[in-house]
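The values are calculated or read from the model by the stated rules, or taken from the named source; none is laboratory data. Everything numeric in this text was worked out from a predicted model, so none of it was measured. With ideal geometry, Cβ positions are generated from the backbone for all residues, glycine too; neighbour counts draw on all protein chains shown.
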Amino acid sequence: MNEENSNFEKTAEQAAAFQKIWMESMSKLMQTAFTITPNSPPPEVVRQIRSGIFQALAQSWEEFMRSPQFLDGMKQWMDTAINFRKMTNDFMAKVRNEMQAPSRDDIDSIMLSVRHMEKRLLDRVEELSEQVTQLNHRVGGQASRRTAPKAGAAKRRRTTGNGKVETH
């Protein structure tokens, strides 16, 4: 309970520091804005106003972000986020274990094994494809030598209009 109060007090102090920086920057902005007349100011004055506003904002935000309160708050936030992630991972691991479901590591190892097996199969299919292509070239070359017509041996037959068969 005492730790919760100290965390609450730290958060309240950080919010107060942020509010103080913000109020200072807004008051500087207002002072800069009301130092000129409402009559159309020359462009140089507008540039100075814009420059003053940006400078005040940059300075106030830099002070705020470099303040020990902000840095401590960010560290606490990061630690809390990391602890929350660890707790949820542990909780989900327990749930999977109690349901006798596979864990993330089990699924990852199975997926890795399937990928390796797939790669080996694809490599083997490519090797077989190359072998079939080579065999087709060899067989195709031998078949064309066997079926090539010999000079003068092949005769064509055709039928004439009166039913006679002629050979050439």
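In the set 21, 36, only one residue is assigned to a helix (DSSP H, G or I), at pLDDT below 85 and either among the hydrophobic types (A, V, I, L, M, F, W, C) or surrounded by 11 or more Cβ atoms within 10 Å (Cβ to Cβ) (or both); that residue is 21. Right, residue 130: modelled with pLDDT of 95 or more and closer than 30 Å to residue 92 by Cβ or not? Criteria not met by residue 130. Listed conditions (1) in contact with a Ser or Thr (Cβ under 9 Å, 6 or more places away or on another chain); (2) outside the structural domain of residue 7 (by TED's automatic domain parsing) are all met by residue 57, apart from (2).
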